[in-house]
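Student: I'd like to ask you about the structure that follows.
The values are calculated or read from the model by the stated rules, or taken from the named source; none is laboratory data. On a predicted model such as this, the values are computed, not experimentally measured, just so you know. Cβ coordinates were reconstructed from backbone atoms using ideal geometry, including for glycine residues, and neighbour counts include every protein chain displayed.
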Amino acid sequence: MTASANVRLRLETVRLTALFDRTAAVREVSILFPAHTVTAIIGPSGCGKSTFLRCLNRMHELSEGGWVTGKVLLDEVDIYASDVNPIQLRRRIGMVFQRPTPFPTMSIFDNVAAGLRVNGRRPHHEMEEAVERALRQAALWDEVKDRLHASALELSGGQQQRLCIARAVAPEPEILLLDEPTASLDPAGTQRIEELCHELKRLYTIVIVTHNLQQAARVSDYTAFFYMGRLIEVGRTHELFTKPQVEQTEQYITGRFG
Amino acid sequence: MSGRTVRRRIASGVMTGLVATLSFTAVLALVLILGDLIAKGASSIDWAFFTKSPVPAGESGGGVANAIVGSGIVVGLAALIGLPIGIGAGLFLAEYGAGRLGFLVRFIADVLNGTPSIVIGIFAWTWMVKPVGGFSALAGSAALAILMIPMIARTTEEMVRLVPHSLREAALALGYPRWRTSLRVVARTALGGIVTGCLVGIARVAGETAPLLFTALGNLNFTTDVRQPMQTLSLQIYVYATGPFDEWHRLAWAAALVLMALVLILAMVARWVTRQRHDRVR
Amino acid sequence: MTTLPIEPVPAPPPSIETPSTEPRWASLRGVNASDRIYKGVLTVLALFLPLLIVALFVQLFVSALPAIKRFGFSFLWTSTWDPVAEIYGAAPMIFGTLASSLIALLIAVPLALGVAIFLTEFAPRWVRQPVAFLVEMLAAIPSVVYGLWGVFVLIPFLRGYVVPTLKALLGWTPFFQGVFYGNSLLAGGIILAIMIVPYIAAVSREVLLAVPAAQREAALGMGATRWEAVWTAVLPYGRAGLIGAIILGLGRALGETMAVTLVIGNRHDISLSALQPAYTMAAAIANEFSEATTSLYLSALFEVGLILFVITVVVNAFARLLIWRVARGAAVGSKAL
């Protein structure tokens with residue numbers, strides 16, 4: 001089944017298999033991520049969702065014994081081609097992790113600007129504009145605009161996670177990868193970030209890994225269900241949750257196993 | 001309560017008491033030594049002590065100005081040589097030290113840390129004094145640098161390893177190349193600990209005498225020329241302590257007090273730096 | 001296996017926030033030379049250490065070669081040290097090194113282990129920091145200051161109170177014979193003991209802290225007293241590491257120079273009595289290196305240095321291996337000066 005002509009694909013994987021030495025954590029996954037959508041990846045613990053996500057920005061190979069077969073196409077270019085520089089690639093793809101990881105020795109401003117600075121020098125006013133834009137996109141600007149040079153550690157957990165989102169979007173990546181971004185946050189913080197997903201998808205293509213089914217239902221346009229490293233089913237969120245095609249999907253969604 | 005339980009309780013109490021006593025004995029030694037230093041040394045310390053150099057044998061008065069400056073120069077130069085190599089080796093161990101080379105370097109560093117400093121001293125003599133034909137502060141600094149490097153390497157490695165892996169990953173995910181992650185994110189976060197390790201290494205080396213005996217040699221005159229023999233506080237104490245004059249013994253105590261105070265100040269500063277960073281990261 | 005059922009997605013509403021879609025990015029191709037340079041620089045700096053230890057060994061060996069060729073293995077058991085006749089034997093120094101270290105261990109091990117156990121198991125929180133700090137301060141005292149204290153405080157104290165007592169109680173043993181003049185094996189051993197206590201204590205403490213709390217708690221949960229929990233659950237678990245700590249302390253004691261040379265008497269003599277003057281390898285080098293007038297004399301001293309170096313390397317390597325088994329490669333003992 002192919003895409004319709006007037007839909008732009010951002011990211012596509014073709015029979016992607018991710019391994020740790022000899023063990024496959026992700027098996028032969030082929031999936032499309034259309035532009036400006038949010039795709040949620042769900043599945044029980046250990047099913048390979050995070051590993052899969054980390055393959056999309058070539059972070060998997062940084063793990064001990066990690067390697068990959070298959071292809072990942074970013075705008076038709078296979079990112080695993082031998083002449084592709086993974087560092088350049090990662091600047092085009094933003095990632096936010098489970099726990100907020102602000103750089104402790106840097107101020108709020110410097111944290112957000114961190115991703116910009118690796119891309120070469122820019123005049124200071126451009127930097128300031130970019131930081132403000134990123135903080136607004138992360139819905140953090142109002143809370144920190146008066147203390148941009150304070151330490152990033154003065155923020156609360158939820159604010160720090162939004163700071164990490166700002167840091168990830170500041171370089172204007174094309175894809176945003178979110179690995180259980182609300183796992184360590186309280187309900188209020190979780191809600192803020194879920195609202196963000198809705199807003200951010202106008203600008204970016206988002207893939208979010210979550211173990212929280214309700215969150216997936218709230219936030220995403222498409223949902224993919226993984227189990228034991230394989231992609232079991234993928235479809236429009238509403239349909240997947242109400243009329244799953246595969247029995248395993250239904251069992252997971254109804255809580256038959258976790 | 002049965003008799004057996006009572007006996008066990010008593011035994012436990014006795015052993016606790018024994019262990020506490022042993023601890024306090026150990027601490028007592030420290031208190032005694034420091035107390036003696038102050039008691040015997042403090043009275044000899046006056047302004048002249050810090051500003052004058054030693055006077056000829058048998059005369060009274062004189063001070064350790066040349067030794068204090070000498071210590072500063074020799075130790076400072078040693079730090080200049082030793083810190084970059086030590087920190088670099090430590091960063092290597094933290095970043096790339098997982099493999100066999102890393103194991104080897106780490107093991108060797110630990111073994112070198114236990115090598116007697118006198119052996120390092122005669123080694124430095126062979127390379128820096130014998131070929132040149134003369135003793136020098138430079139040779140002394142080289143010996144001290146050799147002592148410092150394995151120490152600093154291990155403390156740097158330990159401090160960098162403490163930085164959470166997630167920070168490194170966050171930087172890499174932003175597209176930071178590995179060298180930049182290592183320096184600007186990881187090492188920068190660990191900086192407080194690295195500095196502490198360096199200060200502790202410097203403090204340790206500042207008190208050394210053996211490696212300087214045949215390199216810097218010592219000098220009764222005031223000099224700042226690093227190609228000449230130079231006096232340090234530690235060498236001065238040794239000369240005074242082994243001399244025949246009571247006057248010299250008195251001065252030895254005073255010099256020891258000054259050396260001890262300097263070492264303690266360095267150690268305190270090191271702890272203060274750690275606490276500063278610790279409070280900020282909190 | 002499955003692909004997404006794709007439907008047209010509405011184009012995003014035009015807004016000033018939409019990033020431009022022109023290629024803004026550097027090409028995805030290319031390599032990063034800077035990473036390789038970084039690794040190269042660090043590797044070179046790190047290689048300094050293996051280079052150093054090899055250079056040390058080679059240079060000591062080469063300098064000692066004349067003496068080795070002249071005396072062979074008899075160097076190790078000859079007691080004569082005669083610079084005039086040019087006959088050199090290191091036996092008294094080797095004996096003195098081992099004997100003084102043994103005395104030091106006998107005194108230091110109970111003290112140091114006591115401190116370590118006290119600090120990790122028994123001390124109330126408010127005591128821990130100050131006592132740990134004080135013990136660390138002991139490690140900061142330079143060797144020459146210990147020597148100074150040894151000459152002017154310890155030795156008179158020994159002469160006045162301790163030795164008469166020892167002679168009264170144990171004068172019948174061969175260990176306390178002869179007249180006590182002050183500078184002696186005993187004084188050397190005691191000073192060494194005080195010097196290595198903080199080192200053994202610091203390393204032991206880290207070893208004990210590495211023992212999982214579960215061990216202790218399991219014992220306490222079964223009704224053991226505090227001491228029994230330590231004796232039966234904690235200490236056996238950390239045993240390898242504790243032995244390693246002790247051997248590390250031994251390594252330190254073997255190489256100590258300044259404090260020892262100030263109090264041990266510096267005499268090429270072997271005697272079972274701890275009250276007699278003695279010599280250690282490190283002290284001999286410190287004392288005689290500048291007076292070595294002939295090249296054979298110097299070479300003999302280098303051979304002494306070589307023997308000392310080899311012994312300490314072996315001892316330290318052994319100790320570190322033991323400690324690694326418990327603490328898994330952490331820089332244990334690095335905070336102990």
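Student: Please tell me if B:ALA29 is within 27 Å of C:SER143 (Cβ to Cβ), surrounded by 18 or more Cβ atoms within 10 Å (Cβ to Cβ) and at the interface with chain C (Cβ under 10 Å from one of its Cβ atoms).
Tutor: When the stated conditions are applied, B:ALA29 passes them.
Student: Sticking with this structure for a sec: Pull up the stretch C:312-331, narrow it to residues that are surrounded by 19 or more Cβ atoms within 10 Å (Cβ to Cβ) and among the β-branched types (Val, Ile, Thr), then point me to the one that is modelled with the lowest pLDDT.
Tutor: Only one residue fits best here, namely C:VAL326.
Student: Look at the stretch C:265-282 and say how many of its residues are out of contact with any strand residue (DSSP E or B) (no Cβ under 9 Å at 6 or more places or on another chain), over 20 Å from C:GLY72 (Cα atoms) and of a type in the set (A, V, I, L, M, F, W, C).
Tutor: Applying the first criterion (out of contact with any strand residue (DSSP E or B) (no Cβ under 9 Å at 6 or more places or on another chain)) to the stretch C:265-282 yields C:272-275, C:280-282.
From what's left, over 20 Å from C:GLY72 (Cα atoms): C:272-275, C:280, C:282.
Subsequent filtering for residues that are of a type in the set (A, V, I, L, M, F, W, C) retains C:272, C:274-275, C:282.
Result for the stretch C:265-282: 4.
Student: How many residues, within the stretch C:255-269, are buried (at least 24 other Cβ atoms within 10 Å of the Cβ) and either of a type in the set (D, E, K, R) or within 10 Å of the chain's Cα centre (by Cα) (or both)?
Tutor: 2
Student: If you don't mind, there's one more thing I want to ask. State whether one or more residues within the stretch A:97-118 are in a helix (DSSP H, G or I), out of contact with any helix residue (DSSP H, G or I) (no Cβ under 7 Å at 6 or more places or on another chain) and over 24 Å from B:ALA187 (Cβ atoms).
Tutor: No, the stretch A:97-118 contains no residue that is in a helix (DSSP H, G or I), out of contact with any helix residue (DSSP H, G or I) (no Cβ under 7 Å at 6 or more places or on another chain) and over 24 Å from B:ALA187 (Cβ atoms).
Student: List the pairs whose first member sits in the stretch C:257-282 and is touching a residue at least 24 places away in the same chain (Cβ under 8 Å), whose second member is among the acidic types (Asp, Glu) and surrounded by 24 or more Cβ atoms within 10 Å (Cβ to Cβ), and whose Cβ atoms are under 9 Å apart, counting only residues at least 6 apart or on separate chains?
Tutor: Listed by first residue and then by second, the contacts come to C:MET258/B:GLU208; C:THR280/C:GLU256; C:ALA282/C:GLU256.
Student: Quick one: which helices (runs of 4 or more DSSP H) lie wholly within the stretch C:91-170 and hold at least 3 residues that are of a type in the set (Gly, Ala, Ser) and over 26 Å from B:SER234 (Cα atoms)?
Tutor: In the stretch C:91-170, C:91-117 are the helices (runs of 4 or more DSSP H) which contain 3 or more residues that are of a type in the set (Gly, Ala, Ser) and over 26 Å from B:SER234 (Cα atoms).
Student: Considering only residues that are more than 11 Å from chain C (Cβ to nearest Cβ) and buried (at least 24 other Cβ atoms within 10 Å of the Cβ), which ones fall in the stretch B:231-250?
Tutor: Answer for the stretch B:231-250, where residues must be more than 11 Å from chain C (Cβ to nearest Cβ) and buried (at least 24 other Cβ atoms within 10 Å of the Cβ): just B:GLN231.
Student: Please specify each residue of the stretch B:44-62 satisfying the condition of being among the small types (Gly, Ala, Ser) and in contact (Cβ under 8 Å) with a residue 24 or more places away in the chain.
Tutor: B:SER44, B:SER53, B:ALA57, B:GLY58, B:SER60, B:GLY62
Student: Looking at (1) more than 14 Å from chain C (Cβ to nearest Cβ); (2) farther than 23 Å from A:ILE253 by Cα, which is the one condition that is false for A:ASP179?
Tutor: (2) is the only condition that A:ASP179 fails.
Student: Considering only residues that are more than 14 Å from chain B (Cβ to nearest Cβ) and either out of contact with any strand residue (DSSP E or B) (no Cβ under 8 Å at 6 or more places or on another chain) or under 18 Å from B:GLY17 (Cα atoms) (or both), which ones fall in the stretch C:95-123?
Tutor: If we filter the stretch C:95-123 for residues that are more than 14 Å from chain B (Cβ to nearest Cβ), which is where we start, we get C:95-96, C:98-99, C:102-103, C:105.
Across the stretch C:95-123, the qualifying residues are C:LEU98, C:LEU102, C:ILE103, C:LEU105.
Student: Identify, by number, the condition in (1) free of Cβ contacts under 8 Å to residues at least 12 places away in the same chain; (2) under 25 Å from B:LEU217 (Cα atoms) that B:GLY99 doesn't meet.
Tutor: The single condition B:GLY99 does not satisfy is (2).
Student: Further question on the same structure: I'd like to check something: does the stretch C:155-173 contain any residue that is at pLDDT 90 or above and under 22 Å from the mean Cα position of the chain (by Cα)?
Tutor: So far as the stretch C:155-173 goes, no, none of its residues is at pLDDT 90 or above and under 22 Å from the mean Cα position of the chain (by Cα).
Student: So, in the stretch A:198-214, of the ones that are hydrophobic (A, V, I, L, M, F, W, C) and more than 14 Å from chain C (Cβ to nearest Cβ), which residue ends up surrounded by the most Cβ atoms within 10 Å (Cβ to Cβ)? Talk me through it step by step, then tell me what you get.
Tutor: Residues of the stretch A:198-214 that are hydrophobic (A, V, I, L, M, F, W, C), as a first pass: A:200, A:203, A:206-209, A:213.
Next cut, more than 14 Å from chain C (Cβ to nearest Cβ) only: A:208-209, A:213.
Values: A:ILE208: 27, A:VAL209: 25, A:LEU213: 18.
By that ranking, first place goes to A:ILE208.
Student: Please find, within the stretch A:215-258, the residue that is nearest to the other protein chains (Cβ to nearest Cβ) out of those that are under 19 Å from A:PHE33 (Cα atoms) and acidic (Asp, Glu).
Tutor: Checked the stretch A:215-258; the qualifying residue nearest to the other protein chains (Cβ to nearest Cβ) is A:GLU233.
Student: Do the conditions hold for B:SER182, that is, is it over 30 Å from C:LEU134 (Cα atoms), out of contact with any His (no Cβ under 9 Å at 6 or more places or on another chain) and away from chain C (no Cβ under 11 Å)?
Tutor: Against the criterion (over 30 Å from C:LEU134 (Cα atoms), out of contact with any His (no Cβ under 9 Å at 6 or more places or on another chain) and away from chain C (no Cβ under 11 Å)), B:SER182 does not qualify.
Student: Considering only residues that are within 14 Å of chain A (Cβ to nearest Cβ) and buried (at least 21 other Cβ atoms within 10 Å of the Cβ), look in the stretch B:144-166 and name the one that is farthest from the chain's Cα centre (by Cα).
Tutor: Among them, the one singled out is B:VAL160.
Student: May I pose another question? Please go through the stretch A:69-98 and pick out each residue that is among the polar types (S, T, N, Q) and more than 7 Å from every other protein chain (Cβ to nearest Cβ).
Tutor: A:THR69, A:SER82, A:GLN98 - these are the residues of the stretch A:69-98 that are among the polar types (S, T, N, Q) and more than 7 Å from every other protein chain (Cβ to nearest Cβ).
Student: Looking at the stretch B:41-58, can you tell me whether even one residue there is facing chain C (nearest Cβ under 10 Å) and under 25 Å from the mean Cα position of the chain (by Cα)? Before the answer, list the steps.
Tutor: Applying the first criterion (facing chain C (nearest Cβ under 10 Å)) to the stretch B:41-58 yields B:41.
Those left that are additionally under 25 Å from the mean Cα position of the chain (by Cα): B:41.
Checked against the condition, which is being facing chain C (nearest Cβ under 10 Å) and under 25 Å from the mean Cα position of the chain (by Cα), the stretch B:41-58 yields at least one hit.
Student: Being under 25 Å from C:LEU254 (Cα atoms), in a helix (DSSP H, G or I) and touching a residue at least 12 places away in the same chain (Cβ under 8 Å): is that true of B:ILE81 here?
Tutor: No; evaluated as a whole, the condition is false for this residue.
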